[in-house]
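Down below is the structure, laid out as structure tokens.
The values are calculated or read from the model by the stated rules, or taken from the named source; none is laboratory data. What you see is a predicted model, and the numbers here were worked out from it, not measured in a lab. As a convention, Cβ positions derive from the backbone with ideal geometry for all residues, glycine included, and neighbour counts pool all protein chains shown. All accessible areas refer to the heavy atoms of the entire protein, side chains included, with ligands and DNA or RNA removed. Shrake-Rupley method; radii C 1.70, N 1.55, O 1.52, S 1.80 Å.
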Amino acid sequence: YLQDTSLADANSFSPSMPISPSSMINQYKFEDEPELRDLFITVDDPESHITAIETFITYRVITKTSRGEFDSCEYEVRRRYQDFLWLKSKLEEAHPTLIIPPLPEKFIMKGMVERFSDEFIETRRKALHKFLNRIADHPTLTFNEDFKIFLTAQAWELSSHKKQGPGLLSRMGQTVRAVASSVRGGVKNRPEMFTEMNDYMETFSQKINVLDKIAHRIYKEEREYFNEMKEYGPIHTLWSASEEDIADSLKGVASCIDKCCKATEKRMAGLSENLLPIIHEYVLYSEILMGVLKRRDQIQSELDSKVDALANKKADKDLFSEEIGKLEDKVECANNALKADWDRWKQNMQCDMRSAFTNVADNNLHYYEECLATWESFLASQTVDRHREEDFEDRP
Amino acid sequence: MEDCLAKKMEITVSEAEKRTGRNAMNMQETYTAYLIETRAVESQNEGQCSPVDSLWRRYSEFELLRNYLLVTYPHIVVPPLPEKRADFVWHKLSADNMDPDFVERRRIGLENFLLRVASHPVLCQDKIFYSFLTQEGGWKEMVNETGFQLKADSRLKALNATFRVKNPDKRFTELKHYSDELQSVISHLLRVRARVADRLYGVYKVHGNYGRVFSEWSAIEKEMGDGLQSAGHHMDVYAASIDDILEEEEHYADQLKEYLFYAEALRAVCRKHELMQYDLEMAAQDLTSKKQQCEELATGTMRTFSLKGMTSKLFGQETPEQREAKIKVLEEQIQEGEEQLKSKNLEGRDFVKSAWADIERFKEQKNHDLKEALISYAVMQISMCKKGIQVWTNAKECFSKM
């Protein structure tokens, strides 16, 4: 096994969305050792394809790289959602105890978003972009062969490559076995560390799901508020039409309310562009992590059952020993891989949460600062008028 | 500068109390009584505080006072009372008359009403008003003795009747138009404001949910824990802050409501003018037709068709004596009518003059008050924004420590 589980570049991540490959360099955070990223990926340009059998969307995937193992330094391919699914399952297969980033869901059940609405496609595109970039940032996954093929192969090359290797059914079997073994009451020799991880993930999963609901609720309330505000300003303008002396004040208030209304729209947009997707990603991550822990347990139980079998059968001791030796290695590697990836995941999570919530705070600050400026300037204009009126009255 | 009552007397409605008593049908009822306190304003040199007089009144007595003023001073835009029942409520606000917040806002509204009357150059001199403030017992009887109720009934009927005036004073027509528009636009504004308040409440309160989940999440985190926990606390503060903000806004809404009701008072004055004008036109019409009749009888010609004329043609003319008698009666009526018309004309002109003076006074007051109200609304918004900035600055600091 040549799994690189070093943590040297544990901080390689990109919390923000690069707009173009060239701007990605600026988005990268430099830690103590300036590490140059050598793989830049964008997902954009969704296109609809209509055939006799189906309608589907493809996305353009552009890769720019300076790595030697790539024949060229720039690639442009088209991929559909199915292809991403394939990549994910290949990665899971190759690295059962690594944390593979989440893919956006197949369908969105909640809300009225239609399968091919612009909003849905854009949300999916952003998530796919993130998916590939997270893989690119992962110290091990970034060198995965299937990943390279995904980024570089032409459509026909990819489909012929896909046909090789274990089929869907065997992969399903693996997961089913993993789930079954954990249902049977856990693993008896599970190291303390992984029990802790399990406990952590159970609570984390609960909390992140609650957060997801709260964030959506906030968005909904802000949108309702925005809808009412849209009607509020114009009434003042209407009123000003029947007034003379106070017409200016009324129009001033109308303009302030309209500006605040626009500001609240910006705040809403910020929520939907940053916090909501991140929290959703971690909802998916919590499921992924539970799966990873189960797979690790399953690998361990393979070893345990062989050890038990050995204890009962004196014969074929040598053969068993060799097998057990291999399994012991397998378990050790799996554990190490998971441990390292877990630490990396936790650091990323902390960072993502910090930046997402700080962004929410910033959005709210901008909102209030904009509204404050609007009302203060209105107030100033009224006080100026008032002084002017007072001066006028004082004249003989 | 007129020396109105407000300058000589300090008036407050300082307390509200729940009472139980028996009503006109001898059934038990609960109502709220309001304490009116008055004190003569001493000159500053004396440095002595004069004693405070007080008495209790309930809302229905305020209504009685206002109805009396409406009938007795039809040319005055009479200040309105705070609403009888809670209107334009949003979900947190109670529509219950006995709700302490509603009672408190009503207390302020009643005080405002008394101050408005006391600072009105004409109304403040009214004896009934003065007794309302100073005489606890027997006030109701005193009001009823003025006999205003009789006038009130016919006035109410007239206000609701529809009739067409041929030559109204254009200014009053425009003013009536304006009062309709004012009423419509302020109602609309209050309705939408209530909905906006409701939504704003929702936004703030939902943030309160962060507090609990952050706290529970922080329990499993080592490095993030503190940041999460303290951020959650700030989210609770944010959620709680909306209560005070919206309570203050209710006072702004009450200021607008006052002018919503003022619009009605304005319309009442316009209608009174219409009534008088209509009355005048009817009287003039009546006089003209009588004069015509008289002329016809005198000259024996019939210019207008009348059933009497036809029957007399068919069944024979009247005797000269009968005709003379009729002419005499008509002449008397005509004389009476001309005098009445003269006095009605005078009345009408006086009414227009004094009403218009009060309307000008009202316009100035309205412009001043509404402008101040809009400014106070801006001040409230500014305060809300500053609070928001504070909370989110604190929260941001906590988040950055996660």
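Step by step: first the residues of segment A:200-223, then only those that are without any contact (Cβ under 8 Å) to a residue 12 or more places away in the chain and facing chain B (nearest Cβ under 7 Å), then the one that is most open to solvent (accessible area, probe 1.4 Å). Which residue is that?
Result: A:R217.
Can you confirm whether A:R354 is part of a helix (DSSP H, G or I) and without any contact (Cβ under 8 Å) to a residue 24 or more places away in the chain?
Working: part of a helix (DSSP H, G or I): yes; without any contact (Cβ under 8 Å) to a residue 24 or more places away in the chain: yes.
Yes, satisfied.
Kindly provide the set of residues from segment B:268-293 that are over 30 Å from B:I76 (Cα atoms) and touching a Ser or Thr at 6+ places or on another chain (Cβ under 9 Å), ordered by number.
B:S289, B:Q292, B:Q293
One line per residue, one yes/no per condition, for (1) under 19 Å from A:H236 (Cα atoms); (2) open to solvent by 70 Å² or more (accessible area, probe 1.4 Å); (3) facing chain A (nearest Cβ under 9 Å):
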residue: B:H188; (1), (2), (3): yes, no, yes
residue: B:V203; (1), (2), (3): no, no, yes
residue: B:G211; (1), (2), (3): no, no, no
residue: B:S215; (1), (2), (3): no, no, no
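Okay, residues lined up against (1) modelled with pLDDT under 85; (2) over 20 Å from A:I99 (Cα atoms); (3) not assigned by the TED database to the domain that holds A:R267:
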{"site": "A:S170", "(1), (2), (3)": "yes, yes, yes"}
{"site": "A:G173", "(1), (2), (3)": "yes, no, yes"}
{"site": "A:A178", "(1), (2), (3)": "yes, no, yes"}
{"site": "A:F194", "(1), (2), (3)": "no, no, no"}
{"site": "A:M197", "(1), (2), (3)": "no, no, no"}
{"site": "A:M201", "(1), (2), (3)": "no, no, no"}
{"site": "A:F204", "(1), (2), (3)": "no, no, no"}
{"site": "A:I214", "(1), (2), (3)": "no, yes, no"}
{"site": "A:K220", "(1), (2), (3)": "no, yes, no"}
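Is one or more of the residues making up segment A:300-322 under 26 Å from A:I218 (Cα atoms), crowded, with 19+ Cβ neighbours inside 10 Å and among the polar types (S, T, N, Q)?
No: zero hits.
Checking A:H366 against (1) at the interface with chain B (Cβ under 9 Å from one of its Cβ atoms); (2) modelled with pLDDT of 95 or more, which test does it fail?
(1)
Return yes when A:I235 is out of contact with any strand residue (DSSP E or B) (no Cβ under 7 Å at 6 or more places or on another chain), at the interface with another protein chain (Cβ under 8 Å from one of its Cβ atoms) and farther than 27 Å from A:M201 by Cβ and no when it is not.
yes
Can you tell me which residue is surrounded by the most Cβ atoms within 10 Å (Cβ to Cβ) among those in segment B:359-379 that are within 9 Å of another protein chain (Cβ to nearest Cβ) and touching a residue at least 40 places away in the same chain (Cβ under 8 Å)?
Only one residue fits best here, namely B:Y377.
Please go through (1) under 37 Å from the mean Cα position of the chain (by Cα); (2) surrounded by 16 or more Cβ atoms within 10 Å (Cβ to Cβ) for B:D236 and return the number of the only condition it doesn't satisfy.
Exception for B:D236: condition (1).
Consider B:A355 carefully, then state whether it is in a helix (DSSP H, G or I), open to solvent by less than 10 Å² (accessible area, probe 1.4 Å) and closer than 14 Å to A:I246 by Cβ.
Working: in a helix (DSSP H, G or I): yes; open to solvent by less than 10 Å² (accessible area, probe 1.4 Å): yes; closer than 14 Å to A:I246 by Cβ: no.
So B:A355 does not fit the description; no.
Take B:S383 and decide whether it is more than 26 Å from the chain's Cα centre (by Cα), within 14 Å of chain A (Cβ to nearest Cβ) and of a type in the set (S, T, Y).
On the way: more than 26 Å from the chain's Cα centre (by Cα): yes; within 14 Å of chain A (Cβ to nearest Cβ): yes; of a type in the set (S, T, Y): yes.
For B:S383, the condition - more than 26 Å from the chain's Cα centre (by Cα), within 14 Å of chain A (Cβ to nearest Cβ) and of a type in the set (S, T, Y) - is met.
Return the residues of segment A:238-249 that are open to solvent by 20 Å² or more (accessible area, probe 1.4 Å) and more than 7 Å from chain B (Cβ to nearest Cβ); say none if nothing qualifies.
A:A241, A:E244, A:D248
Just give me the residues in segment B:339-352 being free of Cβ contacts under 8 Å to residues at least 60 places away in the same chain and open to solvent by 80 Å² or more (accessible area, probe 1.4 Å), in sequence order.
Passing the criteria: B:E339, B:Q340, B:K342, B:L346, B:R349, B:D350.
If I ask for residues that are surrounded by fewer than 17 Cβ atoms within 10 Å (Cβ to Cβ) and either within 30 Å of A:F107 (Cα to Cα) or among the charged types (D, E, K, R) (or both), which ones from segment A:58-74 would you list? Before the answer, list the steps.
Within segment A:58-74, the subset surrounded by fewer than 17 Cβ atoms within 10 Å (Cβ to Cβ) is A:60, A:66-69, A:71-74.
Once the filter is applied, which keeps residues that are surrounded by fewer than 17 Cβ atoms within 10 Å (Cβ to Cβ) and either within 30 Å of A:F107 (Cα to Cα) or among the charged types (D, E, K, R) (or both), segment A:58-74 yields A:R60, A:R67, A:E69, A:D71, A:E74.
Determine whether B:E221 is crowded, with 19+ Cβ neighbours inside 10 Å, of a type in the set (D, E, K, R) and at the interface with another protein chain (Cβ under 9 Å from one of its Cβ atoms).
It is true that B:E221 is crowded, with 19+ Cβ neighbours inside 10 Å, of a type in the set (D, E, K, R) and at the interface with another protein chain (Cβ under 9 Å from one of its Cβ atoms).
Filtering segment A:250-262 down to residues that are free of Cβ contacts under 8 Å to residues at least 24 places away in the same chain, closer than 17 Å to A:Q382 by Cβ and more than 9 Å from every other protein chain (Cβ to nearest Cβ), which residue is surrounded by the fewest Cβ atoms within 10 Å (Cβ to Cβ)?
Here is the first cut: in segment A:250-262, the ones free of Cβ contacts under 8 Å to residues at least 24 places away in the same chain are A:250-251, A:254, A:262.
Pick out the ones that are also closer than 17 Å to A:Q382 by Cβ and you get A:250-251, A:254.
The next check asks that each one be more than 9 Å from every other protein chain (Cβ to nearest Cβ); those that pass are A:251, A:254.
Numbers: A:K251: 17, A:A254: 19.
Step by step, filter segment A:250-262, then rank; the result is A:K251.
Which residues, taken from segment A:346-362, are out of contact with any Leu (no Cβ under 6 Å at 6 or more places or on another chain), more than 18 Å from A:P191 (Cβ to Cβ) and either not small (G, A, S) or not assigned by the TED database to the domain that holds A:D297 (or both)?
A:Q347, A:N348, A:M349, A:Q350, A:C351, A:D352, A:M353, A:R354, A:F357, A:T358, A:N359, A:D362, listed by residue number.
Pick out the one residue from A:L284, A:L276, A:L271 that is in contact with a helix residue (DSSP H, G or I) (Cβ under 6 Å, 6 or more places away or on another chain) and away from every other protein chain (no Cβ under 13 Å).
The unique qualifying residue is A:L276.
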